[in-house]
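Colleague: For reference, the structure I am asking about is given below.
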Amino acid sequence: MAAPEVVQSRANPLYKRLRALVLRGATAEACLLEGPRLVVEALRAGLRITDVAAAPRAERTRAGAHALEALAEHRVAVRRLSEPLLASLSEADTAQGLLAVAERPGFDEERIFAGTPLVLVADGVQDPGNVGGLLRSAEAAGATGAFLTRGSADPFSWKALRGSMGSAFRLPHVRGRAIAEVLDALERRAVRIIATAADGDIRYDEADLLGPLAVVVGGEGAGLAPAVQARAAGRLRVPLQPPVESLNVGVAAALVLFEAARQRGFAAAGGSR
């Protein structure tokens, strides 16, 4: 059997499609996956993958070979691109040899409120790495879903997907709504709203985090607006040793979410940790 043709030209239609997605970022319909891990996670989550480009190096690594086998099992066609051509599309310091385009998933908002809700609300978190990390921590702690309010980074951007490591494919979430609209939706469903604040009046590990609960965290720097904090049933703080005055938003959210999971016996996550 003849070796598969390796694309060498930037005029190739596939290269142009991939390049356009790299330049403009994720769209309402599609997102770019870089690396074997994300490709496999997308397949496991049931996402439809429309285009795949692999450099010869992908077949020479265990992770790359596994991803290519998974793509073959799902009958997804793979085109070969030269190493320099694929590297020119990579946003990583070291190209991983595999790029794919997947249809962006959508989620039914009602799934966020399933069972006894544990909801993460990220208000204006602009750093995509933080958004990805927040979704990963929320899924790991057994959260039922998340809201990413207007002004938050796109969870399907390249950096956010790296941070979530596949959680963005699985954890139900809704993006782009005003924070007031999100709080209204929580209150209509009798979900208690808890805010995080550096000067909060309750230690996070002394708060009652049982029952339907939403944990609201603010964007980098400014944190939560006073109007948002005023609508919360409680304001939680993480005790810090001086001179440290604040934590990364992802770290603070993870502490609160895992404390909620501990109080629930990790039942929402389906088992022990």
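Colleague: When residue 231 is evaluated against the numbered criteria (1) free of Cβ contacts under 8 Å to residues at least 24 places away in the same chain; (2) over 30 Å from residue 24 (Cα atoms); (3) of a type outside the set (Gly, Ala, Ser), which criterion, by number, is the only one it fails?
Modeller: Only one criterion in (1) free of Cβ contacts under 8 Å to residues at least 24 places away in the same chain; (2) over 30 Å from residue 24 (Cα atoms); (3) of a type outside the set (Gly, Ala, Ser) is unmet by residue 231, namely (1).
Colleague: Select from region 52-88 the residues that are buried (at least 19 other Cβ atoms within 10 Å of the Cβ) and under 25 Å from the mean Cα position of the chain (by Cα) and list them in ascending order.
Modeller: Passing the criteria: 52, 53, 54, 58, 64, 67, 68, 71, 86.
Colleague: Within region 209-237, count every residue that is on the phi < 0 side of the Ramachandran plot, in a loop (DSSP other than H, G, I, E, B) and touching a strand residue (DSSP E or B) at 6+ places or on another chain (Cβ under 8 Å).
Modeller: Result for region 209-237: 7.
Colleague: If you check residue 105 against the conditions, is it surrounded by 18 or more Cβ atoms within 10 Å (Cβ to Cβ) and assigned to a loop (DSSP other than H, G, I, E, B)?
Modeller: On the way: surrounded by 18 or more Cβ atoms within 10 Å (Cβ to Cβ): no; assigned to a loop (DSSP other than H, G, I, E, B): yes.
No.
Colleague: Look at region 226-273 and say how many of its residues are modelled with pLDDT of 90 or more and of a type in the set (Gly, Ala, Ser).
Modeller: Of the residues in that region, 12 qualify.
Colleague: Something else now. Working only within region 238-254, note down all residues that are in a helix (DSSP H, G or I) and surrounded by fewer than 18 Cβ atoms within 10 Å (Cβ to Cβ). Lay out the reasoning, then the answer.
Modeller: Of region 238-254, the ones in a helix (DSSP H, G or I) are 249-254.
Matches in region 238-254: 251 only.
Colleague: Say whether the condition of being under 16 Å from residue 216 (Cα atoms), outside the structural domain of residue 30 (by TED's automatic domain parsing), over 12 Å from the mean Cα position of the chain (by Cα) and crowded, with 21+ Cβ neighbours inside 10 Å is met by at least one residue in region 126-138.
Modeller: no
Colleague: Could you check region 191-208 and list, in sequence order, the residues that are in a strand (DSSP E or B) and surrounded by 13 or more Cβ atoms within 10 Å (Cβ to Cβ)?
Modeller: Initially, region 191-208 is screened for residues in a strand (DSSP E or B), giving 192-196, 202-203.
Of everything in region 191-208, those that are in a strand (DSSP E or B) and surrounded by 13 or more Cβ atoms within 10 Å (Cβ to Cβ) turn out to be 192, 193, 194, 195, 196, 202.
Colleague: Here is a list of conditions, (1) at pLDDT below 90; (2) among the basic types (Lys, Arg); (3) touching a strand residue (DSSP E or B) at 6+ places or on another chain (Cβ under 9 Å), and residue 24 meets all of them except one; can you say which number that is?
Modeller: In the conditions (1) at pLDDT below 90; (2) among the basic types (Lys, Arg); (3) touching a strand residue (DSSP E or B) at 6+ places or on another chain (Cβ under 9 Å), residue 24 misses (3) alone.
Colleague: Examine region 156-163 for a residue that is free of Cβ contacts under 8 Å to residues at least 40 places away in the same chain and in contact with a helix residue (DSSP H, G or I) (Cβ under 6 Å, 6 or more places away or on another chain), and state whether such a residue exists. Lay out the reasoning, then the answer.
Modeller: Filtering region 156-163 for residues free of Cβ contacts under 8 Å to residues at least 40 places away in the same chain gives 160, 163.
Retained after the next criterion (residues that are in contact with a helix residue (DSSP H, G or I) (Cβ under 6 Å, 6 or more places away or on another chain)): 160, 163.
Yes, the conditions are met somewhere in region 156-163.
Colleague: Additional query: Which residue, of 132, 97, is modelled with pLDDT of 95 or more and not β-branched (Val, Ile, Thr)?
Modeller: Working: 97 fails: modelled with pLDDT of 95 or more.
From the options 132, 97, the qualifying one is 132.
The values are calculated or read from the model by the stated rules, or taken from the named source; none is laboratory data. Quick caveat: nothing in here was measured; it's all calculated off a predicted structure. Neighbour counts are summed over all protein chains in view; Cβ atoms, including those assigned to glycine, are modelled from backbone coordinates with ideal geometry.
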